[in-house]
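Readers should treat all values here as calculations from the given coordinates under stated rules, not as data from a laboratory. Just so it is clear, the model here is predicted, and its values are computed rather than measured. Neighbour counts run over all protein chains shown; Cβ positions are idealised from the backbone, glycine included.
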Amino acid sequence: MRGALAATSGNDTVEIVDDLTVDEPGEGEVQVGIRAAGICHSDLSAMNGTILQRFPFVPGHEGAGEVTAVGPGVSGVAEGDHVIVAWTPPCGRCKACLRGQPNLCIDIFFAMQGTARFHRGESDIFGFAGTGTWAETMVLPAQAVVPIPADVPYDVAALIGCGVTTGVGAAVNTAKVAVGSSVMVLGCGGVGISAIQGARLCGAAEIVAVDTVPGKLDDARRFGATHGFHPDEVPQAIAEVTGGEGFDYAFECIGTAPTFRAAWDATRRGGTTVIVGAGRGDAVLSLNGFELFFSEKALLGSYYGSADVRTEFHRLIRLWRSGRLDLEGMVTARLDLDQINDGLAAMQRGAVIRQVVTI
Ligand SMILES: NC(=O)c1ccc[n+]([C@@H]2O[C@H](COP(=O)([O-])OP(=O)(O)OC[C@H]3O[C@@H](n4cnc5c(N)ncnc54)[C@H](O)[C@@H]3O)[C@@H](O)[C@H]2O)c1
Ligand SMILES: [Zn+2]
Ligand SMILES: [Zn+2]
């Protein structure tokens with residue numbers, strides 16, 4: 001079958017191959033024919049070494065498709081079901097799951113990551129974060145697919161698999177943005193635009209988009225941003241929008257040390273800084289002893305939107321159906337597998353919100 005392959009670390013392109021094979025679904029597993037997959041910045045970060053990943057691997061973790069086979073012992077999902085792939089699936093039994101933080105479950109996630117389900121000749125090929133949606137067919141634990149209504153378009157469903165759940169969830173679940181508050185979002189890719197939409201859903205009064213690419217600031221207004229500023233103008237944004245105090249919430253959706261700091265600095269005393277961007281292990285945010293206590297800011301990491309995928313994907317679909325979440329509008333381009341390197345390049349230029357690959 002066809003798929004995209006990242007052979008060695010440190011690259012920003014993939015090789016498109018047509019001789020991948022995938023395991024048969026075993027006990028408790030499902031086989032999924034991927035129909036649509038998003039290009040998330042985390043795919044590139046896994047390819048270039050920013051975040052940890054075993055090589056060689058099939059990138060892609062944002063995706064939706066149809067269940068084509070189920071292994072023994074699978075219940076709750078059947079052949080023919082339309083599903084969204086969940087890259088951190090909840091096991092339902094561990095301490096994290098039982099205390100109501102299923103996005104922090106690592107039992108299945110770590111096992112998926114360490115198992116090569118793809119092969120090419122004699123070589124084992126891993127999948128990104130244990131998934132690998134840039135391939136025609138994949139095999140996953142049944143918990144890693146969430147069945148959805150069959151009328152939801154695959155491209156809309158794919159986006160929910162990562163960027164939308166991550167960004168909307170950062171605002172709605174992690175920060176619990178309060179009605180009438182002021183919000184800054186740094187980085188207006190798929191994750192940042194989703195955070196803007198999440199802040200809008202929460203009833204934020206001011207939503208300030210920040211991006212280096214001027215066109216992104218216009219894009220952001222379509223999704224609920226009330227203001228747009230270049231990163232160099234953040235002090236001006238703080239002055240104009242908050243009277244110099246800083247924002248109630250600042251969301252970092254880029255993943256670099258300077259922008260972690262910029263988000264912290266843009267947060268008012270007593271406000272909340274949310275780090276959504278996935279940075280390198282050596283991207284260090286320094287906070288001094290005085291500012292930590294004197295500012296009384298809350299610094300929150302946000303992982304997969306602090307969401308329970310089993311319910312969140314359905315909630316997001318309902319918000320999309322009722323017109324309160326614009327998902328089609330986030331799709332800047334539709335590509336096929338052969339164009340994926342063009343898509344990765346466009347993302348690095350900051351030229352796109354989300355690109356969906358038809359698989
Ligand atoms: N926390 C999680 O669970 C989770 C999940 C998915 C993605 N992520 C991470 O979220 C981040 C965003 O992902 P994405 O797919 O939206 O990326 P993206 O590349 O599509 O968007 C990033 C945006 O940031 C802008 N940007 C770059 N440098 C900037 C700067 N210095 N100041 C302001 N804007 C700047 C770019 O122009 C672009 O619009 C990535 O780090 C990704 O790995 C985290
Ligand atoms: Zn668990
Ligand atoms: Zn992602």
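Quick notes on this one:
- Computed from the Cβ-Cβ distance with R0 of 45 Å, the FRET efficiency linking THR311 to ASP232 stands at 0.65.
- Mean residue ellipticity (222 nm) of the chain, computed from DSSP H runs ≥ 4 via -39,500 (n - 2.57), nearest 500: -7500 deg cm²/dmol
- Virtual spin-label span in nm between VAL213 and ARG318, 7 Å along Cα→Cβ: 3.4 nm
- Once the Cα-Cα distance is subtracted from the 0.36 nm per residue extended length, the LEU299 to ASP282 segment shows a gain of 4.3 nm.
- Peptide ranges 351-359, 73-81, 131-139, 156-164 listed from the most packed, as the mean C-beta count within 10 angstrom indicates: 156-164, 131-139, 351-359, 73-81
- Those lysines that a straight Cα-Cα span of less than 30 Å connects to LYS95, excepting residues fewer than 8 apart in one chain: LYS176, LYS297
- Protection proxy ranking of 186-198, 277-289, by the mean of other Cβ atoms within 10 Å over each peptide's residues and highest first, is 186-198, 277-289.
- Convex hull volume per residue in cubic angstrom - Cα atoms of the chain: 124 Å³
- In the stretch 278-345, the GluC sites (Glu not before Pro) that fall in loop regions by DSSP, at most 12 other Cβ within 10 Å: GLU296
- Potential extension, ALA239-SER9 segment - 0.36 nm per residue separation minus Cα distance: 78.5 nm
- Modelled label reach - ASN48, point 7 Å along Cα→Cβ, the stretch 336-359 residues with backbone N closer than 16 Å: 341-352
- Rounded to the nearest 10 degrees, the inclination of helix 257-266 to the longest alpha-carbon principal axis of the chain is 40 degrees.
- Cβ crowding within 10 Å ranks PHE110, PHE223 as PHE110, PHE223, fewest other Cβ atoms first.
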